[in-house]
Amino acid sequence: MKLLIIKIDTSHEVEDALGVYAQDNLNALGIESRKRSDFEQAGWLHDSTVVEMDDIKDLPKDTYFYAYFDEEADKDELVKKFQAKLKELAGYGLNIGDGKITTSYIKDQDWNTAWQKYYHVIDFSRHLAIVPEWEEYKPAFKDQQLIKLDPGLAFGTGNHKTTQLAMMGLERAMVKPMSVVDVGTGSGILAIAASKLGATDVLATDISDESMTAAKQNSALNDLTNIRVQKASLLADVKGKFDIIVANILAEILLNLIPQMDAHLNDGGQIIFSGIDYLQLPKIEKALYENGFKIDLTMRQGRWIGLAITRKEN
């Protein structure tokens, strides 16, 4: 079997937006990003990693975004849709880079392992580290929790700032055993982090069948039995209430989630948002206020915003 590859020479600022669009709107089989910084940072590791930048073929100026489709997909139509999406994102004031789109085909088995040498341990915090399934890691603190991950077709590796902001919010919120729902779970990384931090019960939702499979597999890889998965559009058709709602998704999708949250949040519960470009923050603030919520903490890394949210006091 072959895969159709749509490759976009772009900017890291629109990486997440393109990923969500490719999977949720175009039903991509998988996505991948190759950032110049990945290669530069690999050379900073305190191990035997050596990266000769001049020897790397086709190194991006900033970011290459790849979307993978069945070989029978309409290549020309997909290119047109990505061109339109890039134009829309540029209209938001985001840097889309060169925006050049190229296509090719590859055998799927060749792709599955080619990128693994660029994905390494993320020693995230005192309490958490993200460890690829194929790497060995010995934590400095014996009680540091390890999130073992096989992201498969790149449904989330923990490298991105938005994921790390959400994990920071989870660490702050998890002061006792709590129930958690991870909305738009992707690889399941935030659901797994919640479980490792002591959550009693975790529900992971996503609209993608591939994400459901990835989240199940990664939960099993970590020997976790308290994570349930449910295919759902945000919190639609989800039953029950939770102590923590966490969502690392784009602002335009968070706007659809906000009206659903009150019915699924326990008294005294907390909400953690990430994936918000700082230019979109005013829209989120307004929607939260109109739906009875307030922001307790704002976190920022680069242009990305993470929020800790609770209900407004009466």
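Ligands, DNA and RNA left out, the 1.4 Å accessible surface of the chain is 47% carbon and sulfur atoms.
Here Rg and Dmax of the Cα atoms in Å was calculated from the structure, and among (i) 24.0, 79; (ii) 19.2, 62; (iii) 20.2, 61 it sits at label (ii). The amide H of Phe293, built 1.01 Å from its N in the peptide plane, has Lys312 as neighbours under 5 Å, considering only residues 5 or more places off or on other chains. Ignoring lysines fewer than eight residues from Lys294 along the same chain, the ones with Cα atoms less than 18 angstrom from its Cα are Lys283, Lys286, Lys312. In the context of the full protein assembly, Arg228 retains an accessible surface of approximately 110 Å², using a probe radius of 1.4 Å and ignoring ligands and nucleic acids.
A simple charge model with +1 on the Cβ of Lys and Arg, -1 on the Cβ of Asp and Glu and nothing else charged puts the dipole of the chain at about 760 debye relative to its Cα centre. Our helix-only sum for the chain, with -39,500 (n - 2.57) per DSSP H run of n ≥ 4 divided by its residues, gives a mean residue ellipticity at 222 nm of -8500 deg cm²/dmol. Annotation: per residue accessible area for the chain equals 48 Å², rounded to a whole number [probe 1.4 Å, protein chains only].
Between 0 and 90 degrees, the angle of helix 281-290 with respect to the longest Cα principal axis of the chain falls at about 30 degrees. In this structure, the residue pairs whose Cα-Cα separation is over 20 Å, taken from Lys138/Lys196; Lys87/Lys231; Lys75/Lys231; Lys2/Lys75; Lys161/Lys216; Lys7/Lys85, are Lys87/Lys231; Lys75/Lys231; Lys161/Lys216.
Taking each residue as 0.36 nm, the span from Lys241 to Ser125 lengthens on full extension beyond its C-alpha to C-alpha distance by 38.9 nm. Taking all protein chains together and rolling a 1.4 Å probe, His127 ends up with roughly 90 Å² accessible.
Relative to the longest principal axis of the Cα atoms of the chain, the long axis of helix 75-91 makes an angle of roughly 60 degrees.
Modelled this way, with points 7 Å down the Cα-to-C-beta line, the labels at Asp209 and Ala90 are 3.6 nm from one another.
Extension gain, Arg228 to Glu136: 0.36 nm times the residue separation minus the Cα-Cα distance gives 30.4 nm. Among rounded, prolate and oblate, which fits the stretch 146-287 when a ≥ b ≥ c are the square roots of the eigenvalues of its C-alpha gyration tensor, a/c under 1.5 means rounded, and a/b larger than b/c means prolate? Rounded, because the longest to shortest axis ratio a/c is under 1.5.
In this structure, the amide hydrogen of Ile147, modeled 1.01 Å from its nitrogen in the peptide plane, lies closer than 5 angstrom to those of Ala129, Ile130, Val131, counting only residues at least 5 positions away or on a different chain. Which is the longest stretch in the chain that no exposed loop site breaks, taking sites as GluC sites (Glu not before Pro) with a DSSP loop state and at most 16 other Cβ atoms within 10 Å? By the stated rule (loop sites, at most 16 other Cβ atoms within 10 Å), 137-312. For the stretch 244-307, a/c is not less than 1.5, where a ≥ b ≥ c are the root eigenvalues of the C-alpha gyration tensor, and a/b tops b/c. That puts it in the prolate class. To the nearest 0.05, what FRET efficiency results for Asn266 and Gln301 with a Förster distance of 30 Å applied to their C-beta separation? E(calc), rounded to 0.05, equals 0.55. The residues packed around Asp24, meaning those with a beta-carbon under 14 Å from its beta-carbon, carry a net charge of -2 if Lys and Arg are +1 and Asp and Glu are -1. Charge dipole of the stretch 126-220 (Cα centre as origin; +1 on each Lys and Arg Cβ, -1 on each Asp and Glu Cβ, all else neutral): 460 debye, rounded to the nearest 20. Counting heavy atoms of the protein chains alone, Lys2 has an accessible area of about 100 Å² for a 1.4 Å probe.
The values are calculated or read from the model by the stated rules, or taken from the named source; none is laboratory data. The structure presented is a predicted model; accordingly, all values stated were derived computationally and were not measured. Every residue, glycine as well, gets a Cβ built from its backbone with ideal geometry; the counts of neighbours run over all protein chains shown. The protein model used for the area step is the full one, side chains on, heavy atoms only, and it has no ligands, DNA or RNA in it. Shrake-Rupley method; radii C 1.70, N 1.55, O 1.52, S 1.80 Å.
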